[in-house]
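Inspection log for the structure reproduced underneath, given as C-alpha coordinates.
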Amino acid sequence: MRLDLAIRGGTVVTASDEFIADVGVAGGRIVAVARDLPEAREDVDATGLLVMPGGVDAHCHVDEPEYMGARLADDFASATRAAACGGTTTIMPFANQLPGLSLRQAVEDYHERAHGKALIDYAFHLIVSDVSGSLIGQDLPALIADGYRSFKVFMTYPGYMLDDRQILEVMDAARRGGAVTMVHAENGHCVHWLSQRLEAAGRTGLDSFAESAPSAVEREATHRTIALAQITGAKVMIVHVSSAEALEQIRWGQDRGISVLAETCPQYLLGMGHHLHEPGWEAAKHICSPPPRGEDDAAQLWRGLQQGAFQLVSSDHCPYRFASGDGKRSQGGEHPHFRKVPPGLPGLETRLPLLYHEGVTQGRLTRQQFVALTAVNPARIYGLYPRKGSLMPGADADIALWKYGEHRTLRHADLHDECDYTPYEGRDLSAWPVVTFSRGEKVWDRGWVSSAAGRGRHIDDRSPS
Ligand code: URP
Ligand code: ZN
Ligand code: ZN
Ligand code: ZN
(Lines give C-alpha, C1' and ligand atoms only; values in the text may rest on other atoms or scores of the structure.)
(Ligands and ions follow the chains in the order given, each with its own letter.)
Protein backbone atom coordinates (compact mmCIF):
# COMPACT_ATOMS: atom_id res chain seq x y z
CA MET A 1 0.00 0.00 0.00
CA ARG A 2 1.31 3.47 -0.90
CA LEU A 3 1.24 5.84 2.09
CA ASP A 4 -0.44 9.21 1.66
CA LEU A 5 1.59 10.73 4.47
CA ALA A 6 4.62 9.81 6.57
CA ILE A 7 5.44 11.83 9.67
CA ARG A 8 9.09 10.98 10.22
CA GLY A 9 11.44 10.83 13.14
CA GLY A 10 9.35 12.47 15.85
CA THR A 11 8.95 11.37 19.46
CA VAL A 12 5.65 9.49 19.46
CA VAL A 13 3.83 9.97 22.76
CA THR A 14 0.98 7.72 23.86
CA ALA A 15 -0.76 7.24 27.20
CA SER A 16 1.68 4.45 28.03
CA ASP A 17 4.93 5.02 26.10
CA GLU A 18 7.16 7.32 24.16
CA PHE A 19 9.61 6.35 21.42
CA ILE A 20 11.05 7.64 18.17
CA ALA A 21 9.15 6.39 15.13
CA ASP A 22 7.48 7.32 11.85
CA VAL A 23 3.71 7.45 11.59
CA GLY A 24 2.23 6.29 8.28
CA VAL A 25 -1.18 7.44 7.08
CA ALA A 26 -3.37 6.13 4.24
CA GLY A 27 -7.01 6.90 3.53
CA GLY A 28 -7.21 9.26 6.50
CA ARG A 29 -6.25 6.53 8.98
CA ILE A 30 -3.06 5.58 10.74
CA VAL A 31 -1.74 2.40 9.12
CA ALA A 32 1.71 2.02 10.69
CA VAL A 33 3.86 3.28 13.54
CA ALA A 34 7.40 2.05 12.92
CA ARG A 35 10.96 3.02 11.99
CA ASP A 36 11.88 3.69 8.36
CA LEU A 37 8.48 3.55 6.71
CA PRO A 38 8.51 3.40 2.89
CA GLU A 39 8.11 6.42 0.66
CA ALA A 40 4.88 8.40 0.94
CA ARG A 41 3.12 10.98 -1.25
CA GLU A 42 3.93 13.56 1.42
CA ASP A 43 6.76 13.45 3.95
CA VAL A 44 6.75 15.58 7.08
CA ASP A 45 9.94 15.85 9.10
CA ALA A 46 9.07 15.71 12.80
CA THR A 47 12.62 15.43 14.13
CA GLY A 48 12.79 17.10 17.53
CA LEU A 49 9.00 17.38 17.78
CA LEU A 50 6.48 15.45 19.86
CA VAL A 51 3.91 13.45 17.89
CA MET A 52 0.75 13.17 19.97
CA PRO A 53 -2.84 12.14 19.34
CA GLY A 54 -4.88 15.25 18.59
CA GLY A 55 -6.72 16.48 21.65
CA VAL A 56 -10.34 15.60 22.38
CA ASP A 57 -12.03 18.53 24.12
CA ALA A 58 -15.01 16.93 25.82
CA HIS A 59 -16.57 20.12 27.18
CA CYS A 60 -17.19 23.23 25.11
CA HIS A 61 -20.08 25.53 24.26
CA VAL A 62 -20.47 26.55 20.62
CA ASP A 63 -23.23 28.61 18.98
CA GLU A 64 -25.63 28.15 21.92
CA PRO A 65 -28.70 30.35 22.39
CA GLU A 66 -28.36 33.74 24.00
CA TYR A 67 -27.87 33.58 27.77
CA MET A 68 -28.28 36.58 30.13
CA GLY A 69 -28.50 38.83 27.08
CA ALA A 70 -25.19 37.71 25.57
CA ARG A 71 -24.36 35.52 22.61
CA LEU A 72 -21.37 33.20 22.41
CA ALA A 73 -18.60 34.61 20.25
CA ASP A 74 -17.87 31.35 18.42
CA ASP A 75 -19.87 29.42 15.88
CA PHE A 76 -18.72 26.06 14.55
CA ALA A 77 -16.35 27.64 12.04
CA SER A 78 -14.39 29.73 14.51
CA ALA A 79 -14.55 27.26 17.41
CA THR A 80 -13.19 24.35 15.36
CA ARG A 81 -10.54 26.59 13.77
CA ALA A 82 -9.33 27.72 17.21
CA ALA A 83 -9.37 24.13 18.46
CA ALA A 84 -7.28 22.90 15.51
CA CYS A 85 -4.70 25.67 16.04
CA GLY A 86 -4.46 24.52 19.66
CA GLY A 87 -3.79 20.87 18.77
CA THR A 88 -7.34 19.63 19.33
CA THR A 89 -8.90 17.47 16.62
CA THR A 90 -12.25 16.49 18.15
CA ILE A 91 -14.67 18.71 20.04
CA MET A 92 -17.70 17.67 22.04
CA PRO A 93 -20.01 20.67 22.29
CA PHE A 94 -23.52 20.65 23.71
CA ALA A 95 -26.83 20.50 21.89
CA ASN A 96 -28.81 22.67 24.26
CA GLN A 97 -32.52 21.91 24.71
CA LEU A 98 -34.49 25.15 24.70
CA PRO A 99 -37.81 25.35 26.54
CA GLY A 100 -40.60 24.20 24.26
CA LEU A 101 -38.27 22.20 22.00
CA SER A 102 -37.88 18.45 22.17
CA LEU A 103 -34.40 17.07 22.71
CA ARG A 104 -34.58 15.59 19.21
CA GLN A 105 -35.29 19.03 17.75
CA ALA A 106 -32.33 20.42 19.68
CA VAL A 107 -30.06 17.74 18.22
CA GLU A 108 -31.25 18.41 14.69
CA ASP A 109 -30.78 22.13 15.18
CA TYR A 110 -27.14 21.64 16.25
CA HIS A 111 -26.42 19.37 13.30
CA GLU A 112 -27.59 22.26 11.11
CA ARG A 113 -25.38 24.73 12.98
CA ALA A 114 -22.28 22.58 12.55
CA HIS A 115 -22.96 21.48 9.00
CA GLY A 116 -20.77 23.17 6.41
CA LYS A 117 -18.79 24.99 9.10
CA ALA A 118 -16.75 22.56 11.19
CA LEU A 119 -13.08 22.15 10.34
CA ILE A 120 -12.53 19.14 12.62
CA ASP A 121 -14.75 16.29 13.79
CA TYR A 122 -17.32 16.63 16.55
CA ALA A 123 -19.88 14.74 18.62
CA PHE A 124 -22.62 16.19 20.77
CA HIS A 125 -23.53 15.93 24.43
CA LEU A 126 -27.19 16.77 24.96
CA ILE A 127 -28.29 19.26 27.62
CA VAL A 128 -31.56 18.10 29.18
CA SER A 129 -33.53 21.07 30.52
CA ASP A 130 -37.11 19.81 30.28
CA VAL A 131 -37.95 16.39 31.71
CA SER A 132 -41.62 16.36 30.73
CA GLY A 133 -43.81 14.48 28.25
CA SER A 134 -42.13 11.67 26.39
CA LEU A 135 -38.56 12.62 27.31
CA ILE A 136 -37.76 9.83 29.75
CA GLY A 137 -39.96 7.09 28.29
CA GLN A 138 -39.22 7.59 24.60
CA ASP A 139 -36.96 10.44 23.54
CA LEU A 140 -33.89 9.60 25.63
CA PRO A 141 -33.91 5.86 24.78
CA ALA A 142 -34.36 6.64 21.07
CA LEU A 143 -31.51 9.16 21.07
CA ILE A 144 -29.25 6.72 22.91
CA ALA A 145 -30.08 4.08 20.31
CA ASP A 146 -29.04 6.60 17.64
CA GLY A 147 -25.61 6.97 19.23
CA TYR A 148 -25.97 9.95 21.60
CA ARG A 149 -24.21 8.65 24.69
CA SER A 150 -23.90 11.60 27.06
CA PHE A 151 -26.41 13.96 28.67
CA LYS A 152 -25.77 16.98 30.86
CA VAL A 153 -28.04 18.07 33.68
CA PHE A 154 -27.80 21.19 35.85
CA MET A 155 -28.34 21.58 39.59
CA THR A 156 -28.27 25.36 39.16
CA TYR A 157 -29.08 28.14 36.62
CA PRO A 158 -32.66 29.41 36.25
CA GLY A 159 -34.32 27.67 33.30
CA TYR A 160 -31.95 24.67 33.45
CA MET A 161 -31.97 23.55 37.08
CA LEU A 162 -33.57 20.13 37.59
CA ASP A 163 -34.74 18.77 40.93
CA ASP A 164 -33.44 15.51 42.40
CA ARG A 165 -36.41 13.49 41.18
CA GLN A 166 -35.86 14.70 37.60
CA ILE A 167 -32.14 13.97 37.79
CA LEU A 168 -32.87 10.46 39.08
CA GLU A 169 -35.08 9.87 36.02
CA VAL A 170 -32.41 11.08 33.59
CA MET A 171 -29.68 9.05 35.30
CA ASP A 172 -31.82 5.93 35.26
CA ALA A 173 -32.68 6.29 31.56
CA ALA A 174 -29.03 6.96 30.72
CA ARG A 175 -27.89 3.93 32.70
CA ARG A 176 -30.30 1.65 30.86
CA GLY A 177 -28.80 2.73 27.54
CA GLY A 178 -25.16 2.71 28.65
CA ALA A 179 -24.88 6.52 28.49
CA VAL A 180 -23.04 8.90 30.82
CA THR A 181 -24.85 11.59 32.84
CA MET A 182 -22.78 14.75 33.14
CA VAL A 183 -23.70 16.92 36.11
CA HIS A 184 -23.13 20.60 36.80
CA ALA A 185 -22.89 20.28 40.56
CA GLU A 186 -23.72 23.56 42.30
CA ASN A 187 -26.73 24.00 44.58
CA GLY A 188 -28.83 26.61 42.74
CA HIS A 189 -31.01 27.39 45.76
CA CYS A 190 -27.94 28.29 47.79
CA VAL A 191 -26.52 30.45 44.99
CA HIS A 192 -29.83 32.27 44.70
CA TRP A 193 -30.18 32.81 48.44
CA LEU A 194 -26.60 34.00 48.84
CA SER A 195 -26.93 36.31 45.84
CA GLN A 196 -30.06 37.94 47.26
CA ARG A 197 -28.35 38.44 50.59
CA LEU A 198 -25.34 40.09 48.95
CA GLU A 199 -27.66 42.31 46.91
CA ALA A 200 -29.68 43.29 50.00
CA ALA A 201 -26.44 44.37 51.62
CA GLY A 202 -25.62 46.51 48.59
CA ARG A 203 -22.72 44.24 47.65
CA THR A 204 -23.39 44.09 43.92
CA GLY A 205 -19.83 44.49 42.57
CA LEU A 206 -18.04 41.70 40.77
CA ASP A 207 -15.98 40.92 43.86
CA SER A 208 -19.17 39.38 45.30
CA PHE A 209 -19.34 36.72 42.60
CA ALA A 210 -17.13 34.20 44.39
CA GLU A 211 -19.06 34.69 47.63
CA SER A 212 -22.32 33.90 45.84
CA ALA A 213 -21.06 30.39 45.05
CA PRO A 214 -18.53 29.25 47.67
CA SER A 215 -17.06 25.74 47.79
CA ALA A 216 -19.82 24.50 50.13
CA VAL A 217 -22.32 25.05 47.32
CA GLU A 218 -20.28 22.82 45.03
CA ARG A 219 -19.42 20.27 47.74
CA GLU A 220 -23.07 19.69 48.66
CA ALA A 221 -24.18 19.25 45.06
CA THR A 222 -21.25 16.96 44.33
CA HIS A 223 -22.14 14.77 47.29
CA ARG A 224 -25.80 14.71 46.22
CA THR A 225 -24.81 13.76 42.66
CA ILE A 226 -22.79 10.86 44.00
CA ALA A 227 -25.71 9.71 46.15
CA LEU A 228 -28.04 9.84 43.13
CA ALA A 229 -25.49 7.89 41.10
CA GLN A 230 -25.26 5.25 43.82
CA ILE A 231 -29.03 4.97 44.05
CA THR A 232 -29.57 4.63 40.29
CA GLY A 233 -26.35 2.78 39.46
CA ALA A 234 -25.70 5.38 36.78
CA LYS A 235 -22.28 6.40 35.51
CA VAL A 236 -21.83 10.09 36.25
CA MET A 237 -19.27 12.70 35.20
CA ILE A 238 -18.92 15.64 37.55
CA VAL A 239 -17.90 18.41 35.17
CA HIS A 240 -15.70 21.48 35.77
CA VAL A 241 -14.69 20.65 39.36
CA SER A 242 -13.16 23.73 40.98
CA SER A 243 -12.58 22.99 44.66
CA ALA A 244 -10.70 20.70 47.01
CA GLU A 245 -13.94 20.07 48.93
CA ALA A 246 -15.72 18.77 45.84
CA LEU A 247 -12.69 16.61 45.05
CA GLU A 248 -12.88 15.08 48.54
CA GLN A 249 -16.47 14.02 47.82
CA ILE A 250 -15.42 12.52 44.50
CA ARG A 251 -12.70 10.48 46.21
CA TRP A 252 -15.24 9.40 48.83
CA GLY A 253 -17.52 8.06 46.08
CA GLN A 254 -14.73 6.45 44.07
CA ASP A 255 -13.35 4.74 47.21
CA ARG A 256 -16.75 3.11 47.67
CA GLY A 257 -16.96 1.82 44.14
CA ILE A 258 -19.61 4.29 42.97
CA SER A 259 -19.37 5.09 39.25
CA VAL A 260 -18.21 8.66 39.57
CA LEU A 261 -15.87 10.24 37.06
CA ALA A 262 -14.60 13.80 37.19
CA GLU A 263 -13.33 16.59 35.01
CA THR A 264 -11.46 19.78 35.80
CA CYS A 265 -10.31 22.67 33.60
CA PRO A 266 -7.27 24.95 33.25
CA GLN A 267 -9.09 27.90 34.85
CA TYR A 268 -9.30 25.90 38.10
CA LEU A 269 -5.79 24.43 37.95
CA LEU A 270 -4.22 27.88 37.65
CA GLY A 271 -5.63 29.19 40.96
CA MET A 272 -6.96 32.34 39.31
CA GLY A 273 -9.50 33.27 42.01
CA HIS A 274 -7.67 36.48 42.91
CA HIS A 275 -8.62 37.95 39.50
CA LEU A 276 -12.24 38.05 40.71
CA HIS A 277 -11.18 40.85 43.05
CA GLU A 278 -9.68 43.08 40.38
CA PRO A 279 -11.34 46.51 40.21
CA GLY A 280 -14.12 47.58 37.86
CA TRP A 281 -14.92 45.36 34.92
CA GLU A 282 -11.60 43.53 34.78
CA ALA A 283 -12.89 40.73 37.03
CA ALA A 284 -15.57 39.88 34.43
CA LYS A 285 -12.84 38.26 32.34
CA HIS A 286 -12.64 35.52 34.98
CA ILE A 287 -16.31 34.99 35.82
CA CYS A 288 -17.36 31.42 35.21
CA SER A 289 -19.32 28.82 37.18
CA PRO A 290 -18.12 27.46 39.52
CA PRO A 291 -15.88 30.46 40.29
CA PRO A 292 -12.10 30.03 39.98
CA ARG A 293 -10.69 29.47 43.48
CA GLY A 294 -7.28 30.10 45.04
CA GLU A 295 -3.87 28.46 45.02
CA ASP A 296 -4.70 25.94 47.77
CA ASP A 297 -7.62 24.49 45.85
CA ALA A 298 -5.53 24.40 42.68
CA ALA A 299 -2.77 22.46 44.48
CA GLN A 300 -5.32 19.85 45.56
CA LEU A 301 -6.74 19.59 42.04
CA TRP A 302 -3.24 18.82 40.72
CA ARG A 303 -3.01 16.03 43.29
CA GLY A 304 -6.36 14.76 42.06
CA LEU A 305 -4.98 14.63 38.53
CA GLN A 306 -1.81 12.87 39.64
CA GLN A 307 -3.70 10.26 41.62
CA GLY A 308 -6.33 9.54 38.99
CA ALA A 309 -9.37 11.01 40.74
CA PHE A 310 -9.87 13.14 37.61
CA GLN A 311 -10.10 11.45 34.24
CA LEU A 312 -10.40 14.59 32.11
CA VAL A 313 -9.08 18.09 31.62
CA SER A 314 -11.48 19.94 29.32
CA SER A 315 -11.71 23.62 28.45
CA ASP A 316 -15.38 24.41 29.20
CA HIS A 317 -14.87 26.94 26.37
CA CYS A 318 -17.82 29.33 26.74
CA PRO A 319 -16.65 32.52 25.04
CA TYR A 320 -18.55 35.68 25.90
CA ARG A 321 -16.79 38.73 24.55
CA PHE A 322 -15.53 41.17 27.15
CA ALA A 323 -15.97 44.60 25.60
CA SER A 324 -17.38 44.36 22.12
CA GLY A 325 -21.01 43.92 21.03
CA ASP A 326 -23.24 42.20 23.58
CA GLY A 327 -20.27 41.02 25.66
CA LYS A 328 -19.82 40.62 29.41
CA ARG A 329 -19.13 44.32 29.92
CA SER A 330 -22.27 45.55 28.28
CA GLN A 331 -24.57 43.54 30.54
CA GLY A 332 -26.40 45.21 33.41
CA GLY A 333 -25.78 48.83 32.47
CA GLU A 334 -22.94 51.07 33.48
CA HIS A 335 -21.99 49.50 36.79
CA PRO A 336 -20.64 46.00 36.97
CA HIS A 337 -23.09 43.72 38.80
CA PHE A 338 -22.03 40.22 39.84
CA ARG A 339 -25.39 38.70 38.88
CA LYS A 340 -25.49 40.21 35.40
CA VAL A 341 -22.26 39.00 33.83
CA PRO A 342 -22.78 35.81 31.79
CA PRO A 343 -20.50 33.09 33.18
CA GLY A 344 -17.95 31.37 30.95
CA LEU A 345 -14.39 31.70 29.64
CA PRO A 346 -12.80 31.06 26.26
CA GLY A 347 -10.26 28.20 26.26
CA LEU A 348 -10.44 25.80 23.30
CA GLU A 349 -7.11 26.89 21.83
CA THR A 350 -5.25 27.37 25.10
CA ARG A 351 -6.29 24.20 26.97
CA LEU A 352 -3.47 21.97 25.76
CA PRO A 353 -0.51 24.39 25.81
CA LEU A 354 -1.48 25.66 29.29
CA LEU A 355 -1.83 22.14 30.67
CA TYR A 356 1.44 21.07 29.08
CA HIS A 357 3.30 24.01 30.55
CA GLU A 358 1.76 23.94 34.02
CA GLY A 359 1.60 20.15 34.09
CA VAL A 360 4.44 18.56 32.14
CA THR A 361 7.06 21.34 32.08
CA GLN A 362 6.50 22.14 35.77
CA GLY A 363 6.96 18.46 36.63
CA ARG A 364 3.42 17.78 37.86
CA LEU A 365 2.37 15.38 35.09
CA THR A 366 4.13 12.98 32.77
CA ARG A 367 3.57 13.28 29.04
CA GLN A 368 1.69 10.00 29.30
CA GLN A 369 -0.71 11.48 31.84
CA PHE A 370 -1.10 14.53 29.61
CA VAL A 371 -2.14 12.37 26.64
CA ALA A 372 -4.47 10.29 28.81
CA LEU A 373 -6.23 13.31 30.33
CA THR A 374 -6.63 15.28 27.12
CA ALA A 375 -7.19 12.66 24.40
CA VAL A 376 -7.42 8.98 25.38
CA ASN A 377 -9.75 9.23 28.39
CA PRO A 378 -12.29 11.60 26.86
CA ALA A 379 -12.44 9.42 23.74
CA ARG A 380 -12.90 6.28 25.86
CA ILE A 381 -15.48 7.66 28.27
CA TYR A 382 -17.66 9.13 25.53
CA GLY A 383 -17.51 6.20 23.11
CA LEU A 384 -15.10 7.60 20.49
CA TYR A 385 -12.17 5.27 21.16
CA PRO A 386 -10.08 3.95 19.42
CA ARG A 387 -11.17 5.95 16.41
CA LYS A 388 -10.26 9.18 18.26
CA GLY A 389 -7.60 9.82 20.88
CA SER A 390 -5.30 7.06 19.63
CA LEU A 391 -2.23 6.61 17.43
CA MET A 392 -2.87 2.89 16.89
CA PRO A 393 -3.17 1.52 13.36
CA GLY A 394 -6.82 1.85 12.36
CA ALA A 395 -7.37 5.09 14.28
CA ASP A 396 -8.27 8.29 12.45
CA ALA A 397 -5.06 10.16 11.62
CA ASP A 398 -5.80 12.98 14.07
CA ILE A 399 -2.31 14.01 15.09
CA ALA A 400 -0.61 17.05 16.58
CA LEU A 401 3.10 17.83 16.24
CA TRP A 402 4.40 19.80 19.19
CA LYS A 403 7.44 21.97 19.60
CA TYR A 404 8.81 22.07 23.13
CA GLY A 405 11.70 23.50 25.10
CA GLU A 406 11.35 27.09 23.88
CA HIS A 407 9.32 29.80 25.56
CA ARG A 408 6.72 32.22 24.32
CA THR A 409 4.13 34.50 25.84
CA LEU A 410 0.46 33.75 25.36
CA ARG A 411 -1.32 36.65 23.65
CA HIS A 412 -4.92 36.89 22.54
CA ALA A 413 -3.69 38.50 19.32
CA ASP A 414 -2.15 35.12 18.36
CA LEU A 415 -5.34 33.10 18.95
CA HIS A 416 -8.00 32.15 16.39
CA ASP A 417 -11.34 32.33 18.18
CA GLU A 418 -13.81 35.21 17.84
CA CYS A 419 -13.60 36.25 21.47
CA ASP A 420 -11.91 39.57 22.25
CA TYR A 421 -9.69 38.50 25.15
CA THR A 422 -8.07 35.54 26.84
CA PRO A 423 -8.07 35.20 30.63
CA TYR A 424 -4.52 33.84 30.23
CA GLU A 425 -2.99 36.93 28.59
CA GLY A 426 0.74 37.18 29.30
CA ARG A 427 1.22 33.64 30.59
CA ASP A 428 4.38 31.77 29.78
CA LEU A 429 4.20 28.72 27.48
CA SER A 430 6.95 26.20 26.91
CA ALA A 431 5.32 23.92 24.30
CA TRP A 432 2.64 24.31 21.65
CA PRO A 433 1.30 22.51 18.60
CA VAL A 434 2.97 23.58 15.35
CA VAL A 435 1.14 21.25 12.95
CA THR A 436 -2.28 19.58 13.33
CA PHE A 437 -3.69 16.84 11.10
CA SER A 438 -7.35 15.84 11.00
CA ARG A 439 -7.92 12.48 9.29
CA GLY A 440 -4.53 12.91 7.64
CA GLU A 441 -5.24 16.41 6.31
CA LYS A 442 -3.24 19.37 7.51
CA VAL A 443 -5.53 21.88 9.20
CA TRP A 444 -2.88 23.98 11.00
CA ASP A 445 0.76 24.52 10.08
CA ARG A 446 2.88 27.15 11.85
CA GLY A 447 0.54 30.10 11.39
CA TRP A 448 -1.36 28.77 8.36
CA VAL A 449 -4.94 27.61 9.02
CA SER A 450 -6.98 25.55 6.59
CA SER A 451 -9.98 27.29 5.09
CA ALA A 452 -11.76 23.98 4.48
CA ALA A 453 -14.66 24.76 6.83
CA GLY A 454 -17.24 22.00 6.45
CA ARG A 455 -14.75 19.14 6.14
CA GLY A 456 -15.34 18.25 9.81
CA ARG A 457 -17.81 15.42 10.35
CA HIS A 458 -20.16 14.34 13.07
CA ILE A 459 -18.93 11.12 14.69
CA ASP A 460 -22.01 8.91 14.72
CA ASP A 461 -20.59 5.47 15.43
CA ARG A 462 -20.14 5.92 19.17
CA SER A 463 -20.03 2.88 21.42
CA PRO A 464 -21.89 2.45 24.72
CA SER A 465 -19.73 3.18 27.75
O1 URP B 1 -19.39 29.32 33.48
C2 URP B 1 -19.55 28.35 32.75
N3 URP B 1 -19.03 27.20 33.08
N4 URP B 1 -20.26 28.48 31.63
C5 URP B 1 -20.59 27.42 30.78
C6 URP B 1 -21.85 26.73 31.16
C7 URP B 1 -21.56 25.58 32.07
O8 URP B 1 -22.11 25.55 33.16
O9 URP B 1 -20.82 24.68 31.72
ZN1 ZN C 1 -21.77 23.60 33.78
ZN1 ZN D 1 -7.08 39.40 35.36
ZN1 ZN E 1 -19.75 24.13 30.37
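The values are calculated or read from the model by the stated rules, or taken from the named source; none is laboratory data. Worth saying up front: this structure is predicted, and the values here are computed from it rather than measured. A quick note on method: Cβ atoms are made from the backbone with ideal geometry, for glycine too, and the neighbour counts reach across all protein chains shown.
Evaluate the following for ARG303: is it among the basic types (Lys, Arg), in the same structural domain as ILE91 (by TED's automatic domain parsing) and surrounded by 22 or more Cβ atoms within 10 Å (Cβ to Cβ)?
Judged against the criteria, ARG303 is not a match.
Right, ASP57: among the charged types (D, E, K, R), within 22 Å of the chain's Cα centre (by Cα) and crowded, with 19+ Cβ neighbours inside 10 Å or not?
Judged against the criteria, ASP57 is a match.
Taking the stretch 110-131 as the search range and keeping residues that are free of Cβ contacts under 8 Å to residues at least 60 places away in the same chain and assigned to a loop (DSSP other than H, G, I, E, B), which one is nearest to GLY389 (Cα to Cα)?
Per the stated criteria, the residue is VAL128.
Residue by residue, here is whether (1) aliphatic (A, V, I, L, M); (2) within 16 Å of ligand 4 (Cβ to nearest atom) holds:
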{"residue": "GLN97", "(1), (2)": "no, yes"}
{"residue": "VAL107", "(1), (2)": "yes, no"}
{"residue": "TYR110", "(1), (2)": "no, yes"}
{"residue": "LYS117", "(1), (2)": "no, no"}
{"residue": "SER132", "(1), (2)": "no, no"}
{"residue": "LEU135", "(1), (2)": "yes, no"}
{"residue": "ILE144", "(1), (2)": "yes, no"}
{"residue": "SER150", "(1), (2)": "no, yes"}
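Under 6 Å by Cβ, and 6 or more places apart or on different chains, what pairs join a residue from the stretch 278-298 that is in the same structural domain as MET155 (by TED's automatic domain parsing) with one that is away from ligand 1 (no atom under 16 Å from the Cβ) and at pLDDT 95 or above?
Taking only residues 6 or more apart or on different chains, the pairs are GLY294/GLY271; GLU295/GLY271; ASP297/ALA244; ALA298/GLY271.
Quick one: which helices (runs of 4 or more DSSP H) sit completely within the stretch 155-216 and have at least 3 residues that are surrounded by 20 or more Cβ atoms within 10 Å (Cβ to Cβ)?
164-177, 209-212
If HIS111 satisfies all but one of (1) in contact with a His (Cβ under 8 Å, 6 or more places away or on another chain); (2) buried (at least 24 other Cβ atoms within 10 Å of the Cβ), what's the number of the condition it fails?
HIS111 satisfies all of (1) in contact with a His (Cβ under 8 Å, 6 or more places away or on another chain); (2) buried (at least 24 other Cβ atoms within 10 Å of the Cβ) except (2).
Looking at the stretch 333-379, which of its residues are within 16 Å of ligand 4 (Cβ to nearest atom) and over 30 Å from ALA397 (Cβ atoms)?
Answer for the stretch 333-379, where residues must be within 16 Å of ligand 4 (Cβ to nearest atom) and over 30 Å from ALA397 (Cβ atoms): VAL341, PRO342, PRO343, GLY344, LEU345.
Within the set of pairs 6 or more residues apart or between chains, which connect a residue that is in contact (Cβ under 8 Å) with a residue 60 or more places away in the chain inside the stretch 132-147 to a residue that is exposed (fewer than 12 other Cβ atoms within 10 Å of the Cβ) with Cβ atoms less than 6 Å apart?
Every condition considered, the pairs that remain are GLY147/ASP460.
Name the residues in the stretch 377-402 that are aliphatic (A, V, I, L, M), closer than 13 Å to THR14 by Cβ and surrounded by fewer than 24 Cβ atoms within 10 Å (Cβ to Cβ), would you?
MET392, ALA395
Among the numbered criteria (1) more than 16 Å from ligand 4 (Cβ to nearest atom); (2) assigned by TED's automatic domain parsing to the domain that holds SER315, which single criterion is violated by ALA79?
ALA79 satisfies all of (1) more than 16 Å from ligand 4 (Cβ to nearest atom); (2) assigned by TED's automatic domain parsing to the domain that holds SER315 except (1).
State all residues of the stretch 205-242 that are within 16 Å of ligand 4 (Cβ to nearest atom) and of a type outside the set (Val, Ile, Thr); if no residue qualifies, say none.
Hits for the stretch 205-242 are ALA213, GLU218, ALA221, MET237, HIS240, SER242.
Of these, ALA227, ALA234, ALA262, ALA210, which one is free of Cβ contacts under 8 Å to residues at least 24 places away in the same chain and of a type in the set (A, V, I, L, M, F, W, C)?
Answer to the selection: ALA227.
Out of (1) touching a strand residue (DSSP E or B) at 6+ places or on another chain (Cβ under 9 Å); (2) crowded, with 20+ Cβ neighbours inside 10 Å; (3) over 20 Å from ALA82 (Cα atoms), the odd one out for LEU352 is which?
Only one criterion is unmet by LEU352, namely (3).
Taking the conditions exactly as written (at pLDDT 95 or above, more than 16 Å from ligand 4 (Cβ to nearest atom), touching a helix residue (DSSP H, G or I) at 6+ places or on another chain (Cβ under 7 Å) and assigned to a helix (DSSP H, G or I)), does ALA283 satisfy them or not?
yes
In the stretch 309-341, which residues are over 30 Å from VAL435 (Cβ atoms) and either in a strand (DSSP E or B) or within 18 Å of the chain's Cα centre (by Cα) (or both)?
Passing the criteria: ALA309, TYR320.
Would you pick out the residues in the stretch 223-280 that are buried (at least 23 other Cβ atoms within 10 Å of the Cβ), part of a strand (DSSP E or B) and more than 16 Å from ligand 2 (Cβ to nearest atom)?
VAL260
Among residues belonging to the stretch 45-71 that are among the β-branched types (Val, Ile, Thr) and more than 13 Å from ligand 1 (Cβ to nearest atom), point out the one that is nearest to SER150 (Cα to Cα).
VAL56
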